[in-house]
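**Student:** Pasting a structure here, questions to come.
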Amino acid sequence: MTGIQLLAIAFAVAMAFWTYRTYRRRDLLAAEAALWFAVWIGLVFVSAFPDLLRNVVGPLKVARLLDLVMILAILLLSTIVFVLNSRVRHMERRTVELVRRLALSAEEPDGNSKQPVGQVQRDPAKTAE
Amino acid sequence: MNPDRTPRHHRVGVVVPARNEADRIGHVLAGIASTVEGLPVLCLVVDDGSSDRTAEIAREHGARVFTHVINLGKGAAMKTGCAAGLAADCDVLVLMDADGQHRASDLPAIVAPILSGEADLVLGRRRFTGDMPATARLGNWGLTRLFSLMFGATYGDTQCGLRAFTSDAYHKVDWLATDYAVETEMLVRAARARLRTSEVEIDTIYHDVYKGTTMLDGLRILGQMIRLRMSGG
């Protein structure tokens, strides 16, 4: 086993542990955690037993096993970036909508504004610019 | 005032998006008359996450104030102000910057084409000379020319913040942009909806500390123009 194989296995084990901790903190759903575990276990297998994949390299017309791993990694990363980007946009839109609704609902019918929800009372002497 | 043109309109809502403008908002609001062309004026200030006394000072000057608890951007603040104006039965909406760049004395000229039925959307057109900072002059000139090339509609100033439109026109130009790209998006939507547009030359005042569109905002606006063009603008 070469040094790069050991490094990849150590990386996958560390990431699996991090995934487990994240799952325990309930920042990941069980299905999401299972998906990430599958990725890390797959990485361990590919690193420890690279010959297992040699049979698929030929039919896929990929020159080397490392190229296949790189292509799969790029596909996975592109998917993750796309999903994250769309989720951030969605959250951003919902935040804007929430803040705007708070602003509109915080005004009383007589035209006087109530303190909006979440608004911290500031000391004007400290914040005046 | 032409008596023929008032029955169709009830109230003018002047929407002023503001962020950390405690030094100038009072002066801006004090300059706005209680009536424009015979119609009552309602000042609607949207405090977009200010950390100073902007909201308090605006209230002291009789404006209705709507507070964004966090900063969302000029486009979002304008949208909140317009929604508040519609809810308050304003059927003519005017957008005005809070930094004192626009003169309240231009308000009658801005709303006149709407009240006379000549236009659905009226744009202020600044003079690209004199006191306007050189970078702002170059940026505005470039974006205005690019807008003509990309969308085929020619305006004298695509980035001016002083604008007026009817409540019907607002529903047609209702924008998604939350930042300074809002002015451009509004024009693209107006062109798509074939709104009758008019331009009025206005005076602008530039203060020592320029707080308007930066070069980075200019790049964002350019990106928004490309995105709108690709989506069929």
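The values are calculated or read from the model by the stated rules, or taken from the named source; none is laboratory data. Predicted model only: the values in this text are computed from it and were never measured. Positions of Cβ are backbone-derived with ideal geometry, glycine not excepted, and every protein chain shown enters the neighbour counts. For the accessible areas, the whole protein counts, side chains as well, though only heavy atoms, and no ligand, DNA or RNA atoms are used. Shrake-Rupley method; radii C 1.70, N 1.55, O 1.52, S 1.80 Å.
**Student:** Once neighbouring chains are kept in place and the probe is 1.4 Å, which whole percent of the accessible area of region B:12-230 is contributed by carbon and sulfur?
**Tutor:** Numbers: 4450 of 8620 Å².
Ligands and nucleic acids excluded, carbon and sulfur give 52 percent.
**Student:** Go through region B:9-22 residue by residue and turn each phi into a ³J(HN,Hα) via Karplus (6.51, -1.76, 1.60, θ = phi - 60°); whole Hz please, and just put x for glycine and proline.
**Tutor:** With coefficients 6.51, -1.76 and 1.60, one gets 10, 10, 7, 9, x, 9, 8, 10, x, 9, 9, 6, 10, 4 Hz.
**Student:** May I ask which residue of B:119, A:47, B:88 lies farthest towards the positive end of the charge dipole of the protein assembly as shown, with charges of +1 (Lys, Arg) and -1 (Asp, Glu) on Cβ and the Cα centre as origin?
**Tutor:** A:47
**Student:** I need the Kirkwood Rh of region B:1-122: take the reciprocal of the average 1/r across all distinct C-alpha pairs and report it in angstrom.
**Tutor:** Details: mean 1/r = 0.0695 Å⁻¹.
Every distinct Cα pair counted, the radius reaches 14.4 Å.
**Student:** Which of B:36, B:69, B:12 ends up with the largest GNM mean-square fluctuation for chain B, with Cα atoms connected below 10 Å?
**Tutor:** Between B:36, B:69, B:12, it is B:69 that shows the largest mean-square fluctuation.
**Student:** What whole-number value in Å² describes the accessible area per residue of chain B for a 1.4 Å probe? Please report the intermediate quantities before stating the final value.
**Tutor:** On the way: 9710 Å² over 233 residues.
For chain B, the per-residue accessible area is 42 Å².
**Student:** Could you work out the helix-only [θ] at 222 nm for chain B, with each DSSP H run of four or more residues adding -39,500 (n - 2.57) and the total divided by the number of residues, to the nearest 500 deg cm²/dmol? Let's see the in-between values first.
**Tutor:** Details: 8 runs with 88 residues, N = 233.
Helix-only estimate at 222 nm: -11500 deg cm²/dmol.
**Student:** Also, quick follow-up: About the Cα centre, and with charges only on the beta carbon of Lys, Arg (+1) and Asp, Glu (-1), how big is the dipole of region B:4-124? Nearest 20 debye, please. Don't skip to the end; give the middle numbers.
**Tutor:** Numbers: 11 positive and 16 negative charges, 29 e Å.
Dipole size: approximately 140 debye.
**Student:** May I pose another question? What are the ³J(HN,Hα) couplings of region A:7-21, residue after residue, when phi is run through the Karplus curve with 6.51, -1.76, 1.60 and θ = phi - 60°? Round to Hz, x for glycine and proline.
**Tutor:** With the stated coefficients, region A:7-21 comes to 4, 5, 5, 4, 4, 5, 5, 4, 5, 5, 5, 4, 4, 4, 4 Hz.
**Student:** Right, something else. Would you please name the chymotrypsin sites (Phe, Trp or Tyr not before Pro) within region B:72-147 that are DSSP coil residues with at most 15 other C-beta atoms within 10 Å of their C-beta?
**Tutor:** Values: sites: B:128, B:141, B:147; in loops: B:128.
Here the chymotrypsin sites (Phe, Trp or Tyr not before Pro) that fit, given the DSSP loop and packing criteria, are B:128.
**Student:** Run through region B:116-178 and list the trypsin sites (Lys or Arg not before Pro) located in a DSSP loop whose Cβ has at most 15 other Cβ atoms within 10 Å.
**Tutor:** Details: sites: B:125, B:126, B:127, B:137, B:145, B:163, B:172; in loops: B:126, B:127.
The qualifying sites are B:127.
**Student:** Can you give the Kirkwood hydrodynamic radius for the protein assembly as shown, in Å, rounded to one decimal and based on Cα pairs? Display every interim value, and only then the final one.
**Tutor:** Working: mean 1/r = 0.0420 Å⁻¹.
One over the average 1/r among Cα pairs gives 23.8 Å for the protein assembly as shown.
**Student:** Further question: Starting from the Cα of residue B:203, step 7 Å along the direction of its Cβ; do the same at residue A:105; then give the gap between the two resulting points in nm.
**Tutor:** 4.5 nm
**Student:** A further question on this structure: Give me the one-decimal nm value for the distance between modelled label points at residue A:10 and residue A:94, 7 Å along each residue's Cα-to-Cβ direction.
**Tutor:** 4.0 nm
**Student:** Shifting gears a bit: With solvent modelled as a 1.4 Å probe, how much accessible area in total do chains A and B shield from it at their shared surface, in Å² to the nearest 100?
**Tutor:** Details: alone 10930 and 10530 Å², together 19730 Å².
Looking at A and B, the buried total is near 1700 Å².
**Student:** Take every residue in peptide B:81-90, count the Cβ atoms of other chains within 10 Å of its Cβ, and give the average of those counts.
**Tutor:** Numbers: counts 2, 0, 4, 4, 0, 0, 2, 2, 0, 0.
Mean number of neighbouring Cβ atoms from other chains: 1.
**Student:** Answer with one residue from A:85, B:187, B:73: the one whose Cα lies farthest towards the positive end of the charge dipole of the protein assembly as shown, charges on Cβ with Lys, Arg +1 and Asp, Glu -1.
**Tutor:** Result: A:85, furthest along the dipole toward the positive end.
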